Amino acid sequence: GRLIGIDRDWEAVTASEERLRAFGARFLAVHGNFFQMRELLSPLGVHAADGILLDLGVSSHQLDTPERGFSYHEDAPLDMRMDQSQGITAAELLASISEQELTRILRDYGEEKWAARIAKILVERRQEHPILTTQDLVKVVDAAIPKAVRRKDDGHPARRTFQAVRIAVNDELDPLDRALEDFVDCLKPGGRLLVITFHSLEDRLVKRCFQRLQNPCTCPPEFPVCVCGKVSDMKKVTGKPIVSGEAELESNPRARSAKLRVIEKKR
């Protein structure tokens, strides 16, 4: 078999090349966004795959490297770019974004109930001094969410804000739906698409897309028979998503929120 790994992070590309060096030409690491998989694979002469695995979201390496700016536990420059060779940083985004747009990002990408208040306080504070570090952003969240609410929170109160800003900086969600359909087109008959998600926004999007791929009929529900003629060439492999067992969670606690969904191309 031949494995092609695609990642936006140069550090991931370098690490995988070193770790899988023993496999020689059977493994190839490609720097890029896997949303553009077709464009990245075409120059390699690869137009169809037996299997495609997507591991969405931020990596443990990125979380555990404070200077990347993904973690709310450490004080570091507010970067959050998965690909540090391009795009704007989180600090640059927060310096220029409007209060209304920031509210939308926190609400839509972080499902944050206090989105409007966090956005309001951030805009007020950046007029006094720029929001440049992770702890600058944590202090904004602390000021926006009442102490009584923070005490009842199961996790860190800034986690939803950091998730939302990270998704916006890296444009993680908006292209995903279209990309999933592209990936299905790249599968050989019998090939499988596997997607690992780590939060509800991703999982809902993947679930709905898989449902649409399995049932592409666009006829109104009241029609007794299908007249649109759209027939699916995909079948469901997993009903409910696959989640980690206790043994895996002991060695990798971050897998607790992971969900794996699988779909297969019939013909």
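The values are calculated or read from the model by the stated rules, or taken from the named source; none is laboratory data. As the structure is a prediction and not an experimental result, all values here were calculated from the model. We place every Cβ from the backbone using ideal geometry, glycine too, and count neighbours over all the protein chains shown. With ligands, DNA and RNA removed, areas are computed over all heavy atoms of the protein, side chains included. Shrake-Rupley method; radii C 1.70, N 1.55, O 1.52, S 1.80 Å.
Tabulated data
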| read-out | value |
| --- | --- |
| Rounded accessible area per residue of region 48-156, 1.4 Å, Å² | 54 |
| Region 187-263, relative contact order [Cα under 8 Å, separation at least 6], % | 42 |
| Kirkwood Rh, Cα atoms: Rg over Rh of region 141-267 | 1.09 |
| Computed over region 112-267: relative contact order in percent, which uses C-alpha pairs under 8 Å that are six or more apart | 22 |
| For region 192-257, with +1 on Lys and Arg beta carbons and -1 on Asp and Glu, the positive-most of P220, V243, P253 along the dipole | P220 |
| With DNA, RNA and ligands ignored, accessible area of H73 (1.4 Å probe; Å², nearest 10) | 130 |
| Kyte-Doolittle mean at least 1.0 and Cα axial length at least 15 Å: DSSP H helices in the chain | none |
| With 5 Å bins from 0: P(r) over region 121-180, alpha-carbon pairs, percent | 4, 15, 21, 20, 16, 11, 8, 4, 1 |
| Reach of K188 by Cα under 27 Å, taken over lysines that are not fewer than 8 positions away in the same chain | K207, K230, K235, K236, K240, K259, K265, K266 |
| Area of D177 that stays accessible when all protein chains are in place (1.4 Å probe, Å², to 10) | 50 |
| Among R159, R256, R192: highest mean-square fluctuation, GNM of the chain, C-alpha pairs under 10 Å | R256 |
| Charge-dipole axis of the chain as Lys and Arg at +1 and Asp and Glu at -1 on Cβ define it, positive-most pick from L193, V30, L40 | L193 |
| Sequence ranges 218-224, 78-84, ranked by mean other-Cβ count within 10 angstrom, highest first | 78-84, 218-224 |
| Over the chain, relative contact order from alpha-carbon pairs under 8 Å, at least 6 apart, % | 18 |
| For peptides 42-50, 97-105, sequence by mean Cβ density within 10 Å, most packed first | 97-105, 42-50 |
| Whole-percent carbon and sulfur share, accessible surface of region 45-87, 1.4 Å | 47 |
| Largest to smallest accessible area among R212, R166, R178 [probe 1.4 Å] | R178, R212, R166 |
| Assigned charges on the beta-carbon of Lys, Arg, Asp, Glu; region 1-58 dipole about Cα centre (debye) | 220 |
| Cα-based Rg and Dmax for the chain, where Dmax is the largest Cα-Cα distance (Å) | 20.8, 64 |
| Net dipole in debye of the chain [+1 Lys, Arg Cβ; -1 Asp, Glu Cβ; about Cα centre; nearest 20] | 1080 |
| Nearest-0.05 FRET efficiency for K120 and R254, computed from C-beta distance (R0 41 Å) | 0.80 |
| Total formal charge among the other residues, if their Cβ is under 13 angstrom from that of R19, Lys/Arg +1 and Asp/Glu -1 | -3 |
| Order by protection proxy (mean Cβ within 10 Å, highest first), peptides 19-26, 179-186 | 179-186, 19-26 |
| Probe 1.4 Å, protein heavy atoms only - accessible area per residue of region 183-257 in square angstrom | 63 |
| Cα lying deepest toward the dipole's positive end in the chain, options Q135, G155, P77, charges on Cβ | G155 |
